[in-house]
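Worksheet: one structure, shown below.
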Amino acid sequence: MTKSQVKFVLGNAVIDDPLEADRWDYVYSIQLPNGNVIRKILSVFFVDERLSHFMGDFIPTDEYDALAKTANKD
């Protein structure tokens, strides 16, 4: 994917760091009805203006749904 395509899918990065132009960081926060806040970070990396790889502390959707249901029982 190009930088433009990543921006279309994920939106603007949280931090626009000119020293790290090939790394974009996204922070996602969700407040559950019980007051707990879940915060996740996603970093995407580019080489030659194309998506190279990404990393973060996220989990697949099915596991997240199960975690949210468990948290709502509290």
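Test VAL37 against the stated conditions and say whether it is among the aliphatic types (A, V, I, L, M), surrounded by 13 or more Cβ atoms within 10 Å (Cβ to Cβ), modelled with pLDDT of 90 or more and in contact with a strand residue (DSSP E or B) (Cβ under 7 Å, 6 or more places away or on another chain). Working first, answer last.
Details: among the aliphatic types (A, V, I, L, M): yes; surrounded by 13 or more Cβ atoms within 10 Å (Cβ to Cβ): no; modelled with pLDDT of 90 or more: yes; in contact with a strand residue (DSSP E or B) (Cβ under 7 Å, 6 or more places away or on another chain): yes.
So VAL37 fails the test.
Does the stretch 3-14 hold any residues that are exposed (fewer than 12 other Cβ atoms within 10 Å of the Cβ), at negative phi and either in a loop (DSSP other than H, G, I, E, B) or touching a Phe, Trp or Tyr at 6+ places or on another chain (Cβ under 9 Å) (or both), and which are they?
Here is the first cut: in the stretch 3-14, the residues exposed (fewer than 12 other Cβ atoms within 10 Å of the Cβ) are 4-5, 8-9, 11-12.
Now drop any that are not at negative phi, which leaves 4-5, 8-9, 12.
The one that is exposed (fewer than 12 other Cβ atoms within 10 Å of the Cβ), at negative phi and either in a loop (DSSP other than H, G, I, E, B) or touching a Phe, Trp or Tyr at 6+ places or on another chain (Cβ under 9 Å) (or both): ASN12.
Quick test for you: out of ARG39, ARG23, ARG50, pick the one residue that is under 12 Å from the mean Cα position of the chain (by Cα) and of a type in the set (Lys, Arg).
Result: ARG39 is the single residue among ARG39, ARG23, ARG50 that is under 12 Å from the mean Cα position of the chain (by Cα) and of a type in the set (Lys, Arg).
Could you count how many residues in the stretch 18-34 are in a loop (DSSP other than H, G, I, E, B) and surrounded by 11 or more Cβ atoms within 10 Å (Cβ to Cβ)?
Step one: list which residues in the stretch 18-34 are in a loop (DSSP other than H, G, I, E, B), which gives 21-22, 32-34.
If we keep only those that are surrounded by 11 or more Cβ atoms within 10 Å (Cβ to Cβ) too, we end up with 21-22, 32.
Residues flagged as in a loop (DSSP other than H, G, I, E, B) and surrounded by 11 or more Cβ atoms within 10 Å (Cβ to Cβ) within the stretch 18-34 amount to 3.
Considering only the stretch 8-26, how many residues are at pLDDT below 90 and β-branched (Val, Ile, Thr)?
Qualifying residue count for the region: 2.
The values are calculated or read from the model by the stated rules, or taken from the named source; none is laboratory data. Note that this is a predicted model, so its numbers are computed, not measured. All Cβ positions, glycine included, derive from the backbone under ideal geometry; neighbour counts span all protein chains shown.
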